[in-house]
Amino acid sequence: MPRPVVDGGLVALAAFDVWQNLFFWGATSSQLAVATLACGALLFRRRFPLTVFLLTVPASLLVEMVVAPLAALFTLGDRSCSRWLLAGCATLSAAASVVPWPPSGIASDDRTWTLIQFVYLLAMAATPVLLGQLVQARRDVGRQLVEIEERREHEQTLHEQTVLARERAQLAREMHDVVSHQVSLIAVRAGALQVAAKDVDAREAARTIRSLSVGTLDELRHMVTLLRASGTTPTELTPQPTLADLHRLVATSAIDAQLTGDLPDGIGATAQRTVYRTVQEALTNVRKHAPGAIATVRLWHHDTHFGVEIINTPPNRPSLPLPGSHLGLIGLKERAELLGGTLRAGPTPEGGYVVRLRAPWEAE
């Protein structure tokens, strides 16, 4: 059902709840004003749950109402993760409903009944809070299950690519070490025969064999290069990533990420791949370990060094342990060391995480 329809129906139900109480007991202008404000505020309960709840407290003091406070508490329980805040709001709602207004002396006999009524109202106020927490937990679990499934598919794809690359590398070694060696021998023997042969036809045949052998060697070298290249399919030759691919990487990272800064176009190919892989691994870790976090990728350079910094905010929802090789940062440090640089990674004081790559210009 569309949200405007649900919100409109909820406001109408809350207004009816207030109207039937004011109809029997009468209403002053102040009671009517606070009740109208509380009911109308329900339209904004999803965007400002705490503010909407606080607007229902004065109405609960002056008017007997049930729907508006409970709806506000449910939305607050669905949107907030602070249990102390939720407990305090439930207690405040129960106290506002049980305490007489304006304040007046309560007889000793009434105090016991007031306490009993407060306990019952507190239990009633806790019910929508717990239901809201249940809905929030269900939504979070569903989101985490989707992330786990996506991560499992990603890991499966990586595994398949690793197996494929291993088989291609093994086939390339066999072709290089066995077939190429034998064809090279044929070319050498044909060349020797071409020089030593007396007969013209024999020399021509040897020249043809040698020419074909050399051409075959060139084809074999090309095939070995293709087999050793990383690809998702046996016939695909994937180009190595460059700095130009960073924008697409950040845009398709499935997280809230922003790329700032730049690096000169003349940076070496190895350094470009290292920067790209560092950003790729860092964004993957953010998506895996910090769901809901915001990431910033900052490229920088000065006279002697260049690098990249990837920093993310704390996650806004809990994460589940996902499968992984735990070797990503180790591989990045090895890449940085090959450039003569360093890679540092660790938590930030704000509760996020940062990965910093720094390398000298000589690394180009």
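Observations on the structure shown:
- Using the Cβ-Cβ distance between Ser211 and Ala169 with R0 set to 30 Å, the FRET efficiency works out to roughly 0.50.
- Distance (nanometres) between label positions extended 7 Å along Cα→Cβ at Leu32 and His154: 5.9 nm
- For the stretch 3-104, the residue among Ala35, Ser80, Thr56 whose Cα projects farthest onto the positive side of the dipole built from Cβ charges is Ser80.
- Only Cα pairs under 8 Å and 6+ residues apart enter the sum, and on that basis the relative contact order of the stretch 243-363 stands at 25 percent.
- Near Gly191, once Lys and Arg are set to +1 and Asp and Glu to -1 for all other residues with Cβ below 15 Å from its Cβ, the sum equals +3.
- Inter-label distance, nm, simple model (7 Å from Cα along the C-beta direction), Phe118/Arg358: 5.9 nm
- Neighbour net charge for Ala68 - beta-carbon separation under 12 angstrom, K R +1, D E -1: -1
- Cβ-defined net charge surrounding Val354, 9 Å radius [Lys, Arg +1; Asp, Glu -1]: +1
- Working value for the stretch 243-363: equivalent-ellipsoid semi-axes of 24, 15, 13 Å, each the square root of 5 times a Cα gyration tensor eigenvalue, largest first.
- Ordering of 344-351, 143-150 by packing is 143-150, 344-351, highest average first (other Cβ atoms within 10 Å, averaged per residue).
- Residues in the stretch 257-269 carry Karplus couplings, in order, of 10, 9, 9, 10, x, 7, 10, x, 5, x, 5, x, 4 Hz; the curve used is 6.51 cos²θ - 1.76 cosθ + 1.60 with θ = phi - 60°, and Gly or Pro positions show x.
- Nonlocal amide H pairs with Gly261, under 5 Å, H built at 1.01 Å: Leu299
- Percent breakdown of C-alpha pair distances by 10 Å bin, ordered from the shortest bin, for the stretch 1-62: 23, 52, 23, 3
- Table column - 3J(HN,Hα) (Hz), the stretch 155-165, Karplus curve with 6.51, -1.76, 1.60, x for Gly and Pro: 5, 5, 5, 4, 5, 5, 5, 5, 4, 4, 5
- Scoring 255-268, 277-290 by mean Cβ neighbours within 10 Å over their residues and listing the highest first yields 277-290, 255-268.
Any read-out appearing in this document is the output of simple, stated calculations on the displayed coordinates, not a laboratory observation. Owing to the predicted nature of the structure, the values given are computational and were not obtained by experimental measurement. Positions of Cβ are backbone-derived with ideal geometry, glycine not excepted, and every protein chain shown enters the neighbour counts.
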